[in-house]
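Working notes, beginning with the structure itself.
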Amino acid sequence: MSSLRPLHLVLAIITLVAVLLPLAVVRLVPAVPPPAKIAAALPKRQVISAKQLPPVEPVEYAAIAPDDARSINAAVPFVSGPVPPARPFRFVGTADDFTRATDCLAAAVYYEAGDDATGERAVAQVVLNRLRHPAFPKTVCGVVFQGSERSTGCQFTFTCDGALMRTPSAPAWARAREIATKALRGDVYKPVGWATHYHTDWVVPYWSSSLDKIAAVDTHLFFRWTGWWGTGGAFNRNQLPGEGSVAKLAALSEAHRTGAVLADADAAIVEATPFFGRTPMPLASDPNTFLTMLNPAQAATFAGMAQASCGERVRCKFMGWTEPDAMAFTMPLTPDQMNAMSFSYIRDRASGLERTLWNCTEFKQRTPCMKRFAIRAVPVAEPAVGPTELEGVRRKTTVAEPPVGNTASPE
């Protein structure tokens, strides 16, 4: 029996370790709060004043299992009342702008919704809703790639989580581009209304309970801001012309690959011709816009002057004229003033846009060229011949078609 005592001691130690070690590990690993506690900690629904722009924050998710997330999401009720559809989108820009915008939107719908036509239409609607809302960038590519320069915190996760390394099949990419093209040409996906946010039902973003839940499309839930910021009246901003080239899409899109080369050339011009002279003052009404006279003999310095004037501004527009009588002094510009413009520089770092444009009729050896605007004369209507107007009957008024160009009135 005495020879067995050491063995008993060893077995007793092993048993003790087997019992105590798991307890120690459990004490060291932080406990995940129960779903009810997580739901209680989420921001409560809050109506933001129309005088305060709602914040656009990086996406942050609660640490919770998918099944628990579905329970929390199911407990958030859908908003009562109607969900009016968005107005048809009207694209503004050149053919190159349209191609780049199409590929940015196609990437968003494919990587966010997969090769699913219904989900892709819903995502496309959210992107275009955001573009027309004051809280977001004013180009399609700017909205899609907002925050993509960060490793975390991008608005659409595929732009910063490495998903773009996966190339879609040719048929899937063709379908995504078709859906994007139709959306840019006015197709509306009505079920999601004016939604600006969405997420899958197996995650819980910290903002989800603070917005109005308005629709479900398969496993995605769609939300709009509360109060005035979620109504159609808030979506009153215009798209800016000049869709920037996105380097992250170069492998997928010829338009972005070519545009990136031109952008590099523009940057090289600015770097090679620094400007040390006097820069103009910005508009009093808009500190990010410069309107100025230019000396055509100093064309080599225009890009450097624009860069020096814009300084470190995130967004900036620099426009110059060589003819004093044609120069503009206020915004917006008339079609005549835009046609007479000699040089422009546009920057929007949120969408990766930085471009110089030239009036190639005036500066024949310089590129890229500005788009020329066709000014249409509106014919005077001939007096109608027919029966006398009946008193109290309202007649349909014919509205003259606006000039073709890169400006558009709020939709």
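In segment 84-104, the qualifying residues are those that are surrounded by 18 or more Cβ atoms within 10 Å (Cβ to Cβ) and either small (Gly, Ala, Ser) or touching a strand residue (DSSP E or B) at 6+ places or on another chain (Cβ under 9 Å) (or both), and the one that is modelled with the lowest pLDDT is Gly93.
The one condition from (1) open to solvent by 100 Å² or more (accessible area, probe 1.4 Å); (2) in a loop (DSSP other than H, G, I, E, B); (3) modelled with pLDDT of 85 or more that Asp67 does not meet is (2).
Looking at segment 202-214, can you tell me whether even one residue there is in contact with a Phe, Trp or Tyr (Cβ under 6 Å, 6 or more places away or on another chain), over 25 Å from Asp68 (Cα atoms) and in contact (Cβ under 8 Å) with a residue 60 or more places away in the chain? No. No other residue among Thr196, Thr226, Thr200 is more than 24 Å from Ser148 (Cβ to Cβ), in contact with a strand residue (DSSP E or B) (Cβ under 9 Å, 6 or more places away or on another chain) and β-branched (Val, Ile, Thr) apart from Thr226. Within the set Lys51, Lys37, the sole residue that is open to solvent by 50 Å² or more (accessible area, probe 1.4 Å), closer than 29 Å to Tyr206 by Cβ and either assigned to a strand (DSSP E or B) or modelled with pLDDT of 65 or more (or both) turns out to be Lys51. Scanning segment 127-138 turns up no residue that is assigned to a helix (DSSP H, G or I), under 19 Å from Glu254 (Cα atoms), among the β-branched types (Val, Ile, Thr) and out of contact with any Asp or Glu (no Cβ under 6 Å at 6 or more places or on another chain). Remark: pairs (first residue in segment 100-112, in a helix (DSSP H, G or I); second residue open to solvent by 10 Å² or more (accessible area, probe 1.4 Å) and of a type in the set (S, T, N, Q); Cβ separation under 6 Å; 6+ apart in sequence or on different chains) = Thr102/Thr181. Comparison of Ala170, Ala176, Ala234 shows that the only residue that is open to solvent by 30 Å² or more (accessible area, probe 1.4 Å), out of contact with any Lys or Arg (no Cβ under 8 Å at 6 or more places or on another chain) and among the aliphatic types (A, V, I, L, M) is Ala170.
Do the conditions hold for Leu294, that is, is it over 28 Å from Val140 (Cα atoms), open to solvent by less than 30 Å² (accessible area, probe 1.4 Å), in contact with a Gly (Cβ under 6 Å, 6 or more places away or on another chain) and not hydroxyl-bearing (Ser, Thr, Tyr)? So Leu294 passes the test. Might you check whether a residue that is more than 30 Å from Ala174 (Cα to Cα), assigned to a loop (DSSP other than H, G, I, E, B), open to solvent by 20 Å² or more (accessible area, probe 1.4 Å) and modelled with pLDDT under 90 occurs anywhere in segment 256-266? Taking every residue of segment 256-266 in turn, none turns out to be more than 30 Å from Ala174 (Cα to Cα), assigned to a loop (DSSP other than H, G, I, E, B), open to solvent by 20 Å² or more (accessible area, probe 1.4 Å) and modelled with pLDDT under 90.
The values are calculated or read from the model by the stated rules, or taken from the named source; none is laboratory data. From a predicted model like this one, the values you see are computed outputs, not experimental measurements. Cβ: placed from backbone, ideal geometry, glycine included. Neighbour counts: every protein chain shown. Surface areas here come from the heavy atoms of the whole protein model, side chains and all, with no ligands, DNA or RNA. Shrake-Rupley method; radii C 1.70, N 1.55, O 1.52, S 1.80 Å.
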